[in-house]
Amino acid sequence: METIEHIRYNRLVHRGGALLHLFDVGQLKLIGRIAASLPPDDFSLLYPFSFADIHLGAHQNLGTVFASLTETEQCRVLDVAIELSREDETKAMLSVSHESGAVCLLGLGKQTSTLIDRATHYLASPLLITMVDPVLEPDVHQVLQHSGMALDQGEWETEACCICIAACSEEFFAEHIFTFPLTARFSLTWGPTKDRYGRLVPTYLHEATGHSPR
């Protein structure tokens, strides 16, 4: 169970807001590698206002931008940068309803175990239950209900829905990791991968370019 401090942290720090107008993906990865190399109790991680002065001295432009941010923004930059700098490709967990055609993002991450944990936590969130009205949004409500049951039972491909993991653009990952998945807009590339019922599944996710599912 989350502590009240963790809940407050998430509400403050992980409420969204673009980052790529501040740093590009390569710069975020550099910041992430520096931060990830530090012990968890390092002073500059506990008090991010000091991170630029202590660790970005060799990268003056990055340090200037980082130091200009609010402490909440600095925390989010560090969290996103560390996640982006981890090994393996950026991935998205998606649930596709083959009854309604609705597609829902369940989480972002780099490891399957992390994706499962984040999706499970998200689907059990009281906030999600409040935000999706079963009367006004029956298709989204149904696919999220099916997704929770599929993850609980460990059966990702059913006649009703398919939970799949697709590659995700690093740009989408950087903007949306740790934010609430329901609010993200995205576009998908489908196939050639199919589920066990012979239905195409999404294989790549990126920023929305027009009308997109949620």
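Within segment 169-176, not a single residue is surrounded by fewer than 15 Cβ atoms within 10 Å (Cβ to Cβ) and either more than 30 Å from Leu78 (Cβ to Cβ) or touching an Asp or Glu at 6+ places or on another chain (Cβ under 6 Å) (or both). Just name the residue that is nearest to the chain's Cα centre (by Cα) out of those in segment 37-55 that are of a type in the set (Ser, Thr, Tyr) and assigned to a loop (DSSP other than H, G, I, E, B). Checked segment 37-55; the qualifying residue nearest to the chain's Cα centre (by Cα) is Ser37. Annotation note: of Ala81, Ala35, the sole residue that is touching a His at 6+ places or on another chain (Cβ under 9 Å) and either open to solvent by less than 30 Å² (accessible area, probe 1.4 Å) or polar (S, T, N, Q) (or both) is Ala35.
Being among the β-branched types (Val, Ile, Thr) and touching a helix residue (DSSP H, G or I) at 6+ places or on another chain (Cβ under 8 Å) is the filter; apply it to segment 86-115 and report the residue that is surrounded by the fewest Cβ atoms within 10 Å (Cβ to Cβ). This residue is Thr90.
Picking from residues in segment 182-192 that are open to solvent by 20 Å² or more (accessible area, probe 1.4 Å) and modelled with pLDDT of 90 or more, the one that is nearest to Leu123 (Cα to Cα) is Arg185.
Residues in segment 30-40: is at least one within 17 Å of Val13 (Cβ to Cβ) and of a type in the set (Gly, Ala, Ser)? Yes, segment 30-40 has at least one match. Tell me, yes or no, whether segment 66-78 has at least one residue that is open to solvent by 30 Å² or more (accessible area, probe 1.4 Å) and more than 25 Å from Thr183 (Cα to Cα). Within segment 66-78, one or more residues are open to solvent by 30 Å² or more (accessible area, probe 1.4 Å) and more than 25 Å from Thr183 (Cα to Cα). Only one of the numbered conditions (1) open to solvent by less than 60 Å² (accessible area, probe 1.4 Å); (2) modelled with pLDDT of 95 or more; (3) in contact with a helix residue (DSSP H, G or I) (Cβ under 9 Å, 6 or more places away or on another chain) is not met by Val13, and that is (2). Of the numbered criteria (1) free of Cβ contacts under 8 Å to residues at least 40 places away in the same chain; (2) farther than 30 Å from Pro126 by Cβ, the one Leu28 fails is (1). How many residues, within segment 116-153, are open to solvent by 60 Å² or more (accessible area, probe 1.4 Å), among the polar types (S, T, N, Q) and within 16 Å of the chain's Cα centre (by Cα)? Residues that pass the stated criteria total 1.
The values are calculated or read from the model by the stated rules, or taken from the named source; none is laboratory data. Note that the structure is a prediction, hence the values are computed from the model and not measured. Here Cβ is always computed from backbone atoms with ideal geometry, including for glycine, and neighbour counts include all displayed protein chains. Ligands, DNA and RNA are excluded from the accessible area calculation, which covers all protein heavy atoms including side chains. Shrake-Rupley method; radii C 1.70, N 1.55, O 1.52, S 1.80 Å.
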